[in-house]
Amino acid sequence: MASLSSFRLAVAVAALLVVGSCATEVTFKVGEGSSGKSLELVTNVAISEVEIKEKGGKDWVALKESSTNTWSLKSEAALKGPFSVRFLVKNGGYRVVDDVIPESFTAGSEYKSVVMDRMEAKPALRGAKLSFISYEVTFKVGEASSGKSLELVTNVAISKVEIKEKGSKDWVTLKESSTNTWTIKSEAPLKGPFSIRFLAKNGGYRVVDDVIPESFTAGSKYKSGINI
């Protein structure tokens, strides 16, 4: 006769096998209003904010939501592709998709972001309690930080960390000096507050503006407001 623990294990495995994930891949369709000096993007899901960055550009430019799920930009100069897209999903967090809209785009073409806007668990067994655990990313200022260096310790494993100083347009990559510890050393004094852009291991960039204050102190911990 099978033991009670074996029976429970079998039930747990069966529950996991019937869990379904429901996710929508965000796509961008180039609208009919697009031309050499304008770009219209139609998304397949509702998102809160859309920005683009032109080829060789350093700045993100916000598009205006002209109608539901339709985002547009008009420029006095010719737009230069390919275009990277940064957007804010309604359930939290920025996503960045590099060079998703090609230079030679055509109206009506649809481009995939390979980014999912949500995940849902669907337990099929009555009484089964299944959940996905996520953690809010935090940044702790390490003891090695000073006026010309910054050390950030994350509470979860992430793939890449960059910072942008106050008034700067450029993102600067930090080096992972040890597990979950990211550092940068500068010849000139660093200027806060600092925005952080990081790459989550489960896919997609996240951006947190001005999360590390100018007057940071070693040992202080700052929340990103983003769960992964």
For residue 156, what residues show an amide H to amide H distance below 5 Å, using hydrogens built from the backbone and excluding near sequence neighbours? 138
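Quick one: if the Förster radius is 22 Å, what FRET efficiency do residue 218 and residue 59 give, using the C-beta to C-beta distance and rounding to 0.05? Show your work: numbers first, answer last.
Numbers: r = 32 Å, r/R0 = 1.46.
So the FRET efficiency works out to roughly 0.10.
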For a quick protection proxy, order the peptides 33-39, 53-59 by their average other-Cβ count within 10 Å, most packed first. 33-39, 53-59
Calculate the FRET efficiency for residue 179 and residue 146 from the Cβ-Cβ distance with a Förster distance of 22 Å, rounded to the nearest 0.05. 0.50
Separation of the residue 209 and residue 170 label points, Cα + 7 Å toward Cβ, nm: 2.3 nm
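Quick one: which of 53/160; 37/175; 55/160; 164/201; 112/185 span more than 30 angstrom between C-alpha atoms? Don't skip to the answer; put the middle values down first.
Numbers: 53/160 20 Å; 37/175 39 Å; 55/160 22 Å; 164/201 21 Å; 112/185 37 Å.
In this structure, 37/175; 112/185 lie more than 30 Å apart at Cα.
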What per residue convex hull volume, in Å³, do the alpha-carbon atoms of region 136-227 yield? 85 Å³
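What does the extension gain come out to for residue 67 and residue 135, with contour length at 0.36 nm per residue minus their alpha carbon separation? Intermediate values should be presented prior to the final figure.
On the way: separation 68, 0.36 × 68 = 24.48 nm, distance 3.43 nm.
21.0 nm is the gain from fully extending residue 67 to residue 135.
All of the numbers you see were taken from the coordinates with simple rules; none came from a lab. No experiment lies behind these values; they were computed from the predicted model shown. Heads up, the Cβs are rebuilt from the backbone with ideal geometry, glycines too, and the neighbour counts pull from every protein chain shown.
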